[in-house]
Amino acid sequence: MAQGHDAHAISYKTYFMTWVWLLVLTALALGIGYAPINETLKAFLLVGTTLAKILVIAAVFMHLRYERLNLILITFAPLVLAIIMFAFTFPETLGTSTHVIQVR
């Protein structure tokens, strides 16, 4: 029984490489945040790095590395929910001084 449990154990090397990937993705997101680029492009790049971090965390710590469908669903479900929430709340901000888009 103990041998079967050890077969699913994750090595320290995997944890270290996961930490390195998350560190690199966090540094990349920080660099993108301070980069003098278009705000729309910056937003898409930041969402992309966040999705990559979700993918790494779910694959390693939730043991979904070999379950492709569950990994895809866990990665993109928050994005779909965020788009739905944005669609519901965006019209409420039209016409306010903090809105980014100029309303004519």
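Okay, here's what the table says:
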| read-out | value |
| --- | --- |
| Sites Met17 and Leu81, calculated FRET efficiency, Cβ-Cβ separation with R0 25 Å, nearest 0.05 | 0.25 |
| FRET E, pair Met62, Thr93, Förster distance 30 Å, beta-carbon r, rounded to 0.05 | 0.30 |
| Accessible area expressed per residue, the stretch 1-67, with surrounding protein chains retained (probe 1.4 Å, Å²) | 78 |
| Extension gain (nm, one decimal) between Ile10 and Leu30, 0.36 nm per residue minus Cα-Cα | 4.3 nm |
| The stretch 1-83: relative contact order as a whole-number percent, Cα under 8 Å and 6+ apart | 23 |
| Local net charge near Met17, Cβ-Cβ under 15 Å (Lys/Arg +1, Asp/Glu -1) | +3 |
| Share of carbon and sulfur in the accessible heavy-atom surface of the stretch 1-67 [1.4 Å probe, %] | 73 |
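The values are calculated or read from the model by the stated rules, or taken from the named source; none is laboratory data. These figures come from a predicted structure and were not determined experimentally. Quick reminder, even Gly has a Cβ in these numbers, built from the backbone with ideal geometry, and neighbours come from all protein chains shown. We work out accessible area using only protein heavy atoms, side chains counted, and drop any ligands, DNA or RNA first. Shrake-Rupley method; radii C 1.70, N 1.55, O 1.52, S 1.80 Å.
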